[in-house]
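The structure appears right after this line, and notes come after that.
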């Protein structure tokens, strides 16, 4: 039991890092969606920072879907919404890979006894 805890603790920093990175990316993308949807002023420093910060993670998704302009002038960025879904799925996959590696380490340790 003690050795299993050591293995879990060995993978804990990696799990934590992956969770933090993906959570920050997903939060910023969601914030971008809301700011675009409500037509935030792009001259405002915070809005400009959010758009500039999210641009690199959006680069692979730009142009996949056209932006939808709603009746009231609000913009729905479907590419950003799609990117949010992809990053959420990638976060899940990374988490599962880390869990599998942890389980393999536990099994390896058990078989060595």
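The numbers here are math on the coordinates, done by the rules we state, and not lab data. Keep in mind the model is a prediction, meaning the values are calculated, not measured. Virtual Cβ from ideal backbone geometry, glycine too; neighbours counted across all protein chains shown.
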* **Fewest-first sequence of 108, 71 by Cβ atoms within 10 Å of each Cβ** => 71, 108
* Structure fact -> Quick note on 54, 42, 15, ordering by fewest other C-beta atoms within 10 Å, gives 42, 15, 54
* To do: Alpha carbons only, please: Rg and Dmax for the chain, in angstrom.
  => 19.7, 68
* Structure fact -> Exposure proxy check on 52, 19: fewest-to-most Cβ neighbours within 10 Å is 52, 19
* To do: Treating the angle as unsigned and between 0 and 90°, give the value, to the nearest 10°, between the Cα long axis of helix 78-112 and the longest Cα principal axis of the chain.
  => 0
* Could you work out how far helix 2-37 tilts from the main Cα principal axis of the chain, as a 0 to 90 degree angle to the nearest 10? => 10
* Please give the contour-minus-distance gain from residue 19 to residue 34: 0.36 nm per residue of separation, less the Cα-Cα distance, rounded to one decimal in nm. => 3.2 nm
* **Normalised contact order of region 2-107, rounded percent, pairs of Cα under 8 Å and 6 or more residues apart** => 38
* Structure fact -> Rounded to the nearest 10 degrees, the helix 45-58 long axis (Cα) sits at an angle to the longest Cα principal axis of the chain of 60
